[in-house]
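Novice: I'd like to ask you about the structure that follows.
Each value in this text was obtained by applying a stated rule to the coordinates, not by laboratory testing. Since this is a predicted model, take the numbers as computed values, not measurements. Reconstructed Cβ throughout: ideal geometry from the backbone, glycine too, with neighbour counts over all protein chains shown.
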Amino acid sequence: MSAQYEGGCQCGNVRYQVTGEPRQVVACHCTDCQRQSGSAFGMTMVVDEAVFRITRGEPAIYRSVSSSGRAKIGAFCADCGTRVYHQPEWRKGTISVKPGTLDDTKWLQPQLHLWTRSKQPWVIIPEGVESHERQPA
């Protein structure tokens, strides 16, 4: 049996389902993610597009270009504003779910930290966890 994860926005108007294991859980410390999340970093759960589907509602779309110059769309609830996922145009075939929107977040643990050159000085990256000062090639 394959994995199944469910989640949605804060008000519940947008719901989604993931029916496969994530490729990776990432913490990004770039200033764009800090601003978008309103926190010290943003988190991403990368999944194959084929295992992700919206089960309720229709997210609004915001197109942006990151500080690295790469384009992406951000999908969010038009009612409560919760960012639900990103879809990087440079990484075809994947969805970057915002894992804080999962119904169960207890298992989340980043396997990778990106853009650590702009991380907040009080954030400690655990020993042995892969990290990069910028976006790896």
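Novice: What are the ³J(HN,Hα) values, in whole Hz, obtained from phi via the Karplus relation 6.51 cos²θ - 1.76 cosθ + 1.60 with θ = phi - 60°, for each residue of the range 9-23 in sequence order, with x given for Gly and Pro?
Specialist: Listing the rounded values in order: 6, 5, 8, x, 6, 10, 10, 9, 9, 10, 10, x, 5, x, 5 Hz.
Novice: Rank the residues Lys98, Lys72, Lys106 as a footprinting-exposure proxy: fewest other Cβ atoms within 10 Å of their Cβ go first.
Specialist: Numbers: Lys98 22, Lys72 17, Lys106 6.
Going from least to most buried by this count: Lys106, Lys72, Lys98.
Novice: Note down the magnitude of the dipole of the range 5-131 about its Cα centre, charges +1 on Lys and Arg C-beta and -1 on Asp and Glu C-beta and zero elsewhere, to the nearest 20 debye.
Specialist: Dipole magnitude for the range 5-131 comes out near 360 debye.
Novice: Which of Ile61, Ile124 comes first, and how do the rest follow, when ranked by fewest Cβ neighbours within 10 Å?
Specialist: The order, fewest Cβ neighbours first, is Ile124, Ile61.
Novice: Further question on the same structure: Mean-square fluctuation check for the chain, GNM, Cα pairs under 10 Å: which of Pro121, Pro22, Pro59 is largest?
Specialist: Highest fluctuation among the options: Pro121.
Novice: Taking the inverse of the average 1/r across all pairs of different Cα atoms in the range 5-131, what Kirkwood radius in Å do you get?
Specialist: Taking every pair of different Cα atoms in the range 5-131, averaging 1/r and inverting gives 14.9 Å.
Novice: Shifting gears a bit: Divide by every residue of the chain the summed helix terms, -39500 (n - 2.57) for each DSSP H run of at least 4, and state the resulting mean residue ellipticity at 222 nm, rounded to the nearest 500 deg cm²/dmol. Mind dumping the intermediate values first?
Specialist: Working: 1 runs with 7 residues, N = 137.
So the calculated ellipticity at 222 nm is -1500 deg cm²/dmol.
Novice: I need His86, His113, His132 ordered by Cβ neighbour count within 10 Å, fewest first.
Specialist: His132, His113, His86
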